[in-house]
2 protein chains.
Amino acid sequence: MMPPNAGTKHAARDEHAMTSHWLPCVPWVRAYTRVTLGQDLLAALIVTIMLVPQSLAYALLAGLPAEMGLYASILPLIVYALMGTSRTLSVGPVAVASLMTASTVGGVAQQGTSDYASAAVMLALLSGLLLIGLGLLRVGFISNFLSHPVVSGFITASGVIIGLSQLRHILGVEAHGNSAPELLSTLSADLLATNPITLAVGVSALGFLCLCRSQLTPRLMRVGLSHRAADLVTRTTPIVAIVVTISAAVLWDLESHGVALVGHVPSGLPAFSSPIIDSALIQQLLLPAGLISLIGFVESVSVAKTLGAKRRQRIDANQELIGLGAANVASAISGGFPVSGGFSRSAVNFEAGAATQGASILTAIGIACAAIFLTPALYFLPKATLAATIIIAVASLVDVNIIKKSWHYSRTDFIAVAVTISLTLLLGVEIGVLSGIAVSIGLHLYKTTRPHVAIVGNLPGTEHYRNIDRHDVKTHDNILALRIDQSLYFANANYLEDIIYGALAAHEEVEHVVLMCSSVNEIDLSALEALTEINLRLSELGIDLHLSEVKGHVMDGLERSHFLEHLGGKVFLHHHAAITELAR
Amino acid sequence: MMPPNAGTKHAARDEHAMTSHWLPCVPWVRAYTRVTLGQDLLAALIVTIMLVPQSLAYALLAGLPAEMGLYASILPLIVYALMGTSRTLSVGPVAVASLMTASTVGGVAQQGTSDYASAAVMLALLSGLLLIGLGLLRVGFISNFLSHPVVSGFITASGVIIGLSQLRHILGVEAHGNSAPELLSTLSADLLATNPITLAVGVSALGFLCLCRSQLTPRLMRVGLSHRAADLVTRTTPIVAIVVTISAAVLWDLESHGVALVGHVPSGLPAFSSPIIDSALIQQLLLPAGLISLIGFVESVSVAKTLGAKRRQRIDANQELIGLGAANVASAISGGFPVSGGFSRSAVNFEAGAATQGASILTAIGIACAAIFLTPALYFLPKATLAATIIIAVASLVDVNIIKKSWHYSRTDFIAVAVTISLTLLLGVEIGVLSGIAVSIGLHLYKTTRPHVAIVGNLPGTEHYRNIDRHDVKTHDNILALRIDQSLYFANANYLEDIIYGALAAHEEVEHVVLMCSSVNEIDLSALEALTEINLRLSELGIDLHLSEVKGHVMDGLERSHFLEHLGGKVFLHHHAAITELAR
């Protein structure tokens, strides 16, 4: 088959070869035209309309004053636009990082105090510096240890916790806690104190947003809008809920009826400030900052890659660390809290036609205008409306499918998902994600301690050797041929001895043991000593130990040791040659 | 070649098949004869003579009263004899566990107080219970994560620290600390206070023991003793040093000249007692107890296996956990401290002809007699003599060769050794061994995140495919054949994408990418999603993705997913078939 679009293939390859530099914005800034500006302006307008309520809502979720949400959506966007490699990723406050901020900062300071706000700022600073550090050291690969099932499970469980945490604003009751049981028990304890007017506002907003999400897009499409345009309009509906509920709050003086409002939001742009350095606080925040960074980075890069692939734009993971890190530092010095690349806002930015990060810079200008001119109106914004916005936004994070999918595919993946989800729900985000990482690495290591070992035989008429349990193959009584399906290293060196002696017990006529090493990618010093021991023991039993299909780089190692000098048998390049020579 | 000793082979196999049970002593107890008794009695006599000074010395090393060393050498020996699977392993106080006890207990109590002693007892109890727990859960495999280089490095560094810590007794000065720098600085600070008579005693004992070790064996052999007998006599020389220095202390009243003596040692057998349960203490001791258990277990099993192999006796690792655990619990309830299987004493036991664990029971009786009858004489034993005994004993633990060997064989093994040795020396035993474990696991994981991937071609005239960089092979311009030398899992799923896109950039004519999966022992959910993504991306570029040589159990997983439905290319059983079909 000939490739139908060889040109595209070349383009993709060239982009892959593109080297990263400190300001990945240079290419698009140089090529910026009036057309690009038009595209970016439209996207920025739509994203701004979507981002104003979201920024306020995520600040609320993080337990912070509303203005911090706006601050986190100005400078970080500009910094990422200049230093990030994605053309369409939109950075700012996101649901999971806000929840993690609330959980972490709630542990070191009292919500509503200035200590609480400055701890959140410090958290952003630490996250940023950690990300930049990882990027400079080019060790972004450590984020790979956050497996997909763990991240999916964690985000799903976080979505549930976020939803539960927002119920109190919908009901107008007191509730607190970082885990599902805490939230549920405090919610139910205060349920009788539900404020009916708050509930009416919350349920109306929730109903309106739900209805928009499920009905508006198809209806708009029926009146002639494209799917993309209809979807974009739907995304801006939270602003309608906000305008309507603000108006209601003003008209009917809802505050005097006990409806919680956002209250005074200072007008204007954030003042630059350097965070207060408190080493005890830093110690407490370091681990959570690391977790927030890693999870934010993994999500961000995954969104950036998905969008990048659609337009054949290359994402450089190490530069992303630096870009995202710089955005967090920018958030910290402009009074914001941890930020990350968000999926929904980036998707909107992309679908609205953003051509470059110019759209993000224009969005930042839009949010800045909101911070300057709209803040007086925000006084009357009911918190229940913001809670409804959050609930609708996080509903899409909950991916119950990952449980089914992992169960179906592999039990170890399922265990990792199940542990992550259940511990996140029961014990909170930090323990949840750390356990998920530990369990997935632990299970991986556990599997390598008991490698799959197959007795192999010849597929008649070929030179191939396959598992005797799966194929109809020919074996020889005097040869025990074992294919070791794992690298040999300290954690499975002992197990190898057991396997070989065990297999020998069942094969009494054996004179030759041939270890087929086609899957052995490493033999470390511990494994080498185990092999030496096995060779010695087999020699004592009058059995020769042979190796076959040893990979070049593994053979290099063996040749550097004394193992081959004492080996009872030989090393064969091909397993077939070994069997041909040794068969009786 | 015909096996020369097929009978032995059968015997070894039968023993392998032997199932473990709760009292592995039953077979040898049933078969016990007068001849066996004679062999065991001789071995017990020699081991007792060697063990009395060693037990006292290790109690001193652990910072404990001398009698605790004797107590730890009575009941634990009997319990291990009944519950362990090795016929010749000798259990009791050992150097490394004693050092670790001193380091741990020194952190929670003041040496010389009753709190110190009871913390040591608690440490033995916790170690014992942890070992039994691991054995019952059959999870002894976790000890495999202590790699051979880490254990060797750790023991070497421990030997150095032990040697340094004993210098103060030789010099008669004050010194303390758990690390080499601490010990050296406190030693040198007090060097001027050296007691010349203590120094004379210490140096004489050290010189005498050194001389015996280097000269006595060859001389005894020259007068007609066998090597074995000569070596055994040499091993008993510490008792001579002890008798001579005790006599000197009595004759010249060394105590009044400032020579530190062991002092009052209560006579008689230990009283049974249940350790005091203090949950705060338990929390502090739990991690060190785990480390002591694991290291003791690893060493013990390694000694047991080495000796077992010489007499074709099978060691069951899980039963060893239970036996060793029970020995530690026995030590705790009889006022001892953590015990383990010792290499030198087991070797002596073995060489002295011990036929069964009956020798250990007889040794325990011997030590009990010493505890009853010899304690008054121990009052006059100079601590310098015991220190000399320890220094001679640990000299054999120091294995500098491991540094050279690991450097030569593999850099990752070397890094693990270097980190373990240097951190143990600089920061103490706990941090040292934990860092060693963490570094070796970390390096292993790191290697798996960047798997070796080879472009492969056909070895002309065969059906074999080998690395194009190592062999003179034939390739096709329209096929990119990659052999992935690693299982695919979450930690390397992203790397795979980079590798494939990178390789494509260098091979422009490619229409087919064939992933040769002969070394892929697992594809987890994260890797499956990466493959799905790669397949999609390649399809967009007009390239088909194929797999070859997928192992049976990996294929089972792929078939459970939807991956194969969307795969652009095919799955080939043999790589050769793939190339034959796809070549242009």
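The values are calculated or read from the model by the stated rules, or taken from the named source; none is laboratory data. Computed from a prediction, not measured in an experiment: that's the story for all the values here. Ideal geometry is used to build each Cβ from the backbone, glycine not excepted, and the neighbour counts take in all protein chains shown.
Is it the case that A:A44 is farther than 27 Å from A:P238 by Cα, in a helix (DSSP H, G or I) and either within 14 Å of another protein chain (Cβ to nearest Cβ) or at pLDDT 90 or above (or both)? Can you show your working first?
On the way: farther than 27 Å from A:P238 by Cα: no; in a helix (DSSP H, G or I): yes; either within 14 Å of another protein chain (Cβ to nearest Cβ) or at pLDDT 90 or above (or both): yes.
Considered against the rule, which asks whether it is farther than 27 Å from A:P238 by Cα, in a helix (DSSP H, G or I) and either within 14 Å of another protein chain (Cβ to nearest Cβ) or at pLDDT 90 or above (or both), A:A44 comes out as no.
Can you tell me which of B:I391, B:I431 is without any contact (Cβ under 8 Å) to a residue 60 or more places away in the chain, under 30 Å from B:F343 (Cα atoms), among the β-branched types (V, I, T) and away from chain A (no Cβ under 14 Å)?
Values: B:I391 fails: without any contact (Cβ under 8 Å) to a residue 60 or more places away in the chain.
Just a single option satisfies the conditions, and that option is B:I431.
Can you work out which of the residues in the range A:502-519 that are free of Cβ contacts under 8 Å to residues at least 24 places away in the same chain and within 8 Å of chain B (Cβ to nearest Cβ) is surrounded by the most Cβ atoms within 10 Å (Cβ to Cβ)? Can you show your working first?
Restricting attention to the range A:502-519, the residues satisfying the condition of being free of Cβ contacts under 8 Å to residues at least 24 places away in the same chain are A:502, A:505-506, A:508.
Subsequent filtering for residues that are within 8 Å of chain B (Cβ to nearest Cβ) retains A:502, A:505, A:508.
Numbers: A:G502: 13, A:A505: 16, A:E508: 11.
Filtering first and then ranking leaves A:A505.
Of the conditions (1) surrounded by 18 or more Cβ atoms within 10 Å (Cβ to Cβ); (2) of a type in the set (G, A, S); (3) not assigned by TED's automatic domain parsing to the domain that holds A:P149, A:G461 fails just one. Which one is it?
In the conditions (1) surrounded by 18 or more Cβ atoms within 10 Å (Cβ to Cβ); (2) of a type in the set (G, A, S); (3) not assigned by TED's automatic domain parsing to the domain that holds A:P149, A:G461 misses (1) alone.
Taking only the range A:125-164 into account, find how many residues are within 25 Å of A:S344 (Cβ to Cβ) and without any contact (Cβ under 8 Å) to a residue 60 or more places away in the chain.
Counting residues in the range A:125-164 that are within 25 Å of A:S344 (Cβ to Cβ) and without any contact (Cβ under 8 Å) to a residue 60 or more places away in the chain gives 3.
Given the condition among the small types (G, A, S) and not in a strand (DSSP E or B), answer yes or no: does some residue in the range B:543-551 qualify?
Here is the first cut: in the range B:543-551, the residues among the small types (G, A, S) are B:548.
Going one step further and asking which of them are not in a strand (DSSP E or B), we end up with none.
Among the residues of the range B:543-551, not one is among the small types (G, A, S) and not in a strand (DSSP E or B), which makes the answer no.
Among the residues of the range B:262-279, is there at least one that is within 30 Å of B:A438 (Cβ to Cβ) and of a type outside the set (S, T, Y)?
Residues of the range B:262-279 that are within 30 Å of B:A438 (Cβ to Cβ), as a first pass: B:278-279.
Still in the running and of a type outside the set (S, T, Y): B:278.
Scanning the range B:262-279 turns up at least one residue that is within 30 Å of B:A438 (Cβ to Cβ) and of a type outside the set (S, T, Y).
For the range A:276-334, enumerate the residues that are without any contact (Cβ under 8 Å) to a residue 60 or more places away in the chain and within 14 Å of A:L123 (Cβ to Cβ).
Scanning the range A:276-334 gives A:I277, A:Q283.
Looking for whichever is farther than 22 Å from A:N178 by Cα and assigned by TED's automatic domain parsing to the domain that holds A:A119 here; the options are A:I282, A:I295, A:I333. Which one fits? Spell out how you get there, then give the answer.
Values: A:I282 fails: farther than 22 Å from A:N178 by Cα; A:I295 fails: farther than 22 Å from A:N178 by Cα.
When all the criteria are applied, what remains is A:I333.
Within the range B:539-548, can one find any residue that is away from chain A (no Cβ under 11 Å), surrounded by 18 or more Cβ atoms within 10 Å (Cβ to Cβ), over 23 Å from A:N467 (Cα atoms) and touching a Ser or Thr at 6+ places or on another chain (Cβ under 9 Å)? First the steps, then the outcome.
If we filter the range B:539-548 for residues that are away from chain A (no Cβ under 11 Å), which is where we start, we get B:545-548.
Subsequent filtering for residues that are surrounded by 18 or more Cβ atoms within 10 Å (Cβ to Cβ) retains B:545-548.
Those still in the list that are over 23 Å from A:N467 (Cα atoms) too: B:545.
Subset that is touching a Ser or Thr at 6+ places or on another chain (Cβ under 9 Å): B:545.
Scanning the range B:539-548, I find at least one residue that is away from chain A (no Cβ under 11 Å), surrounded by 18 or more Cβ atoms within 10 Å (Cβ to Cβ), over 23 Å from A:N467 (Cα atoms) and touching a Ser or Thr at 6+ places or on another chain (Cβ under 9 Å), so the answer is yes.
Among the residues of the range A:485-501, what is the count of those that are within 23 Å of B:D524 (Cα to Cα) and surrounded by fewer than 22 Cβ atoms within 10 Å (Cβ to Cβ)?
So the count comes out to 1.
Go through B:V339, B:V303, B:V298, B:V394 for me and flag whichever is crowded, with 21+ Cβ neighbours inside 10 Å and under 18 Å from B:L82 (Cβ atoms).
Values: B:V303 fails: under 18 Å from B:L82 (Cβ atoms); B:V298 fails: under 18 Å from B:L82 (Cβ atoms); B:V394 fails: under 18 Å from B:L82 (Cβ atoms).
Just one listed residue meets the conditions, B:V339.
What is the one condition in (1) surrounded by fewer than 23 Cβ atoms within 10 Å (Cβ to Cβ); (2) more than 16 Å from B:T424 (Cα to Cα); (3) at pLDDT 90 or above that B:G202 does not satisfy?
Condition (1) is where B:G202 drops out.
I'd like the residue in the range B:568-583 that is at the interface with chain A (Cβ under 10 Å from one of its Cβ atoms) and over 13 Å from B:A481 (Cβ atoms) and, out of all such residues, is surrounded by the most Cβ atoms within 10 Å (Cβ to Cβ).
It comes out as B:G568.
Yes or no: the range A:540-551 includes at least one residue that is of a type in the set (V, I, T) and within 25 Å of B:V151 (Cβ to Cβ). Walk me through how you get there before you give the answer.
In the first step, residues of the range A:540-551 are kept if they are of a type in the set (V, I, T); the result is A:543, A:550.
Okay, now just the ones that are also within 25 Å of B:V151 (Cβ to Cβ), so none.
No, that holds for no residue.
Looking at the range A:131-143, which of the residues that are surrounded by fewer than 21 Cβ atoms within 10 Å (Cβ to Cβ) and not small (G, A, S) is nearest to the other protein chains (Cβ to nearest Cβ)?
A:F141
I need the full set of residues from the range A:299-320 which are within 10 Å of chain B (Cβ to nearest Cβ) and within 10 Å of the chain's Cα centre (by Cα), in order please. Working first, answer last.
Here is the first cut: in the range A:299-320, the residues within 10 Å of chain B (Cβ to nearest Cβ) are A:301-302, A:305-306, A:309-310, A:312, A:314, A:317.
Matches in the range A:299-320: A:V301, A:S302.
Taking B:A370, is it at pLDDT 90 or above, of a type in the set (A, V, I, L, M) and more than 29 Å from the chain's Cα centre (by Cα)? Break it down into steps so the answer makes sense when it comes.
Working: at pLDDT 90 or above: yes; of a type in the set (A, V, I, L, M): yes; more than 29 Å from the chain's Cα centre (by Cα): yes.
Judged against the criteria, B:A370 is a match.
Given the residues A:T412, A:T448, which is the only one that is outside the structural domain of A:L287 (by TED's automatic domain parsing) and either under 23 Å from the mean Cα position of the chain (by Cα) or among the polar types (S, T, N, Q) (or both)?
Details: A:T412 fails: outside the structural domain of A:L287 (by TED's automatic domain parsing).
Selected residue: A:T448, the only one of A:T412, A:T448 that is outside the structural domain of A:L287 (by TED's automatic domain parsing) and either under 23 Å from the mean Cα position of the chain (by Cα) or among the polar types (S, T, N, Q) (or both).
Where residues in the range A:111-124 are assigned to a helix (DSSP H, G or I) and free of Cβ contacts under 8 Å to residues at least 12 places away in the same chain, which of them is nearest to B:H444 (Cα to Cα)? Give the steps one after another, and end with the answer.
Initial filter on the range A:111-124 (assigned to a helix (DSSP H, G or I)): A:114-124.
Now restrict to residues that are free of Cβ contacts under 8 Å to residues at least 12 places away in the same chain: A:114-115.
Values: A:S114: 45, A:D115: 42 Å.
Step by step, filter the range A:111-124, then rank; the result is A:D115.
What number goes with the only condition from (1) surrounded by fewer than 20 Cβ atoms within 10 Å (Cβ to Cβ); (2) closer than 30 Å to A:I403 by Cβ; (3) in contact (Cβ under 8 Å) with a residue 24 or more places away in the chain; (4) at the interface with chain A (Cβ under 9 Å from one of its Cβ atoms) that B:G552 does not pass?
(3)
Taking helices (runs of 4 or more DSSP H) that fall entirely within the range A:172-224, which contain at least 2 residues that are more than 23 Å from A:G63 (Cα to Cα)? Step through it out loud before you land on a result.
Details: elements: A:180-189, A:196-211, A:217-222.
Helices (runs of 4 or more DSSP H) meeting the threshold: A:196-211, A:217-222.
Quick test of your reading of the structure: B:P275 fulfils all but one of (1) closer than 28 Å to B:I392 by Cβ; (2) surrounded by 12 or more Cβ atoms within 10 Å (Cβ to Cβ). Name the failing condition by number.
Of everything listed in (1) closer than 28 Å to B:I392 by Cβ; (2) surrounded by 12 or more Cβ atoms within 10 Å (Cβ to Cβ), B:P275 misses just condition (1).
If a residue has to be buried (at least 17 other Cβ atoms within 10 Å of the Cβ) and either of a type in the set (G, A, S) or free of Cβ contacts under 8 Å to residues at least 40 places away in the same chain (or both) to count, how many in the range A:440-458 make the cut?
Of the residues in that region, 7 qualify.
Restricted to the range A:144-181, and to residues that are within 14 Å of chain B (Cβ to nearest Cβ) and hydroxyl-bearing (S, T, Y), which residue is surrounded by the fewest Cβ atoms within 10 Å (Cβ to Cβ)? I'd like the intermediate steps shown before the answer.
At the first step, the residues of the range A:144-181 found to be within 14 Å of chain B (Cβ to nearest Cβ) are A:144-154.
Keeping just the survivors that are hydroxyl-bearing (S, T, Y) gives A:147, A:152.
On the way: A:S147: 30, A:S152: 25.
It comes out as A:S152.
Out of B:I372, B:I402, B:I365, which single residue is within 14 Å of another protein chain (Cβ to nearest Cβ) and either surrounded by fewer than 24 Cβ atoms within 10 Å (Cβ to Cβ) or in contact (Cβ under 8 Å) with a residue 12 or more places away in the chain (or both)?
One residue alone meets the criteria, B:I402.
Filtering the range B:555-567 down to residues that are of a type in the set (A, V, I, L, M, F, W, C) and over 21 Å from A:N467 (Cβ atoms), which residue is farthest from the other protein chains (Cβ to nearest Cβ)?
Step one: filter the range B:555-567 for residues of a type in the set (A, V, I, L, M, F, W, C), giving B:555, B:558, B:563-564, B:567.
Add one more test, that the residue is over 21 Å from A:N467 (Cβ atoms), and what stays is B:563, B:567.
Values: B:F563: 10, B:L567: 14 Å.
Filtering first and then ranking leaves B:L567.
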